[in-house]
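As structure tokens, the structure follows; a few thoughts come after it.
The values are calculated or read from the model by the stated rules, or taken from the named source; none is laboratory data. Because the structure is a prediction, the values reported are computed rather than measured. Here Cβ is always computed from backbone atoms with ideal geometry, including for glycine, and neighbour counts include all displayed protein chains.
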Amino acid sequence: MQKENPFLYLGRLALSGLTVVLFVLLLIWLWSCLRRWGDQRERRVLGRRAFPSSELGSSGYAEVALREGQAGFASSKRLAAASVWSGASLALIVPVIHLLYATVILLIGLISTTGAPPDPGLPEQLYPWPVFLANLRAIAGYLPRVGIAAVALGLFGLVFGFARRRLTRQLFRVVVLGVNVPGSWLVGVPLSLFIYWLAGISPITPQLHWLLDYLVAWPLFGYLGTLYLHRTEDAALYWLTRFDWPARTQAAVHYVLLDQFSGVQATRLHSELESGKITLDVPIPRPEAGRLVGQLLAFPGVEQVDLFIGGELVRPPADLVRRRLWEMAAIRRQRHRVGSDHPPT
């Protein structure tokens, strides 16, 4: 038998690696398209006050208030939808990862093999198509159970979501090694470990040993599972509320009052989409008015805050308002004229 040119083998190996890289880049491109579509639609809603998702993380405490505000004060329908999705999506992880794994192995096998006909004397693991078909049969074997698992895990997610809202509104936190841990982790960690236990005793465990064996410690899965529920719910709430600026902003205002001002309740709260103005009446000490207005002006799309205390309009220092508006204009890369092109002093 004539030996294969080693350069052809190296070329196919390099091409297989390039295929995997291109596959990953395709997923990144699809995600960037989704974010770009969201930014464009928000721009149509808010105009020049639109806040790109890529810059939300640079807004500091405002980003935390927006995220936790939705988890604690979004409408029950939206919270239920996001919570069910965060739990049900756990059932999709295994088949999706298994399918991606089988596809990548197939691509590498197709590019790396010489194209010679199968040799009956060699194991089928050396050929790409039999391995791919075996993976598809394995996926099809537990696919009918995915629907049942999605319903069950969706209920788990629902429990987590509404428990998180209750504990968020109560500002229940636990200090572990000097770090404030949200109280919802007390719900999420046992819930995640229970899900892990159910996966361990399920009939499809032999087919999932390659996944379960790598989760070497229950505490690790408790952390990862809870983090997944948190972040998936956050992402779902973000997309459910992103284009509803008034409701999203009001939920964030409720969280600021809860977190920064001892949980006082606003007797009046209104947000205007067209002007970007927030109007609220809240019983806080007058010296705190400037701090509250400054925090609310950091929210995406907010241009003006009318703060009433006991029915009387309170005007915070003008310098504070000008500086905050300049900072947010700089973040949005839209230099509004607030006196100069430099930060007001």
If we scan segment 33-52, do we find a residue that is within 16 Å of the chain's Cα centre (by Cα), closer than 20 Å to LEU297 by Cα, at pLDDT 85 or above and not hydrophobic (A, V, I, L, M, F, W, C)? no
Select from segment 53-69 the residues that are within 19 Å of ALA247 (Cβ to Cβ) and at pLDDT below 75 and write down the one among them that is surrounded by the most Cβ atoms within 10 Å (Cβ to Cβ). SER59
For ALA252, indicate whether it is under 28 Å from the mean Cα position of the chain (by Cα) and in a helix (DSSP H, G or I). yes
Among (1) outside any helix (DSSP H, G or I); (2) modelled with pLDDT of 75 or more; (3) of a type in the set (Val, Ile, Thr), THR114 falls short only on (2)
Residues located in segment 177-194, provided they are at pLDDT below 80 and within 24 Å of the chain's Cα centre (by Cα): VAL179, ASN180, VAL181
Check on SER76, surrounded by fewer than 17 Cβ atoms within 10 Å (Cβ to Cβ), of a type outside the set (Val, Ile, Thr) and either in contact with a Ser or Thr (Cβ under 7 Å, 6 or more places away or on another chain) or modelled with pLDDT of 80 or more (or both): yes
List pairs: first residue in segment 182-197 and under 14 Å from LEU90 (Cα atoms) and in contact (Cβ under 8 Å) with a residue 12 or more places away in the chain, second residue among the charged types (D, E, K, R) and assigned to a helix (DSSP H, G or I) anywhere in the structure, Cβ distance under 8 angstrom, at least six positions apart or on different chains. GLY188/ARG164
Kindly indicate whether any position in segment 264-281 is at pLDDT below 85, closer than 30 Å to HIS98 by Cβ, part of a loop (DSSP other than H, G, I, E, B) and small (Gly, Ala, Ser). no
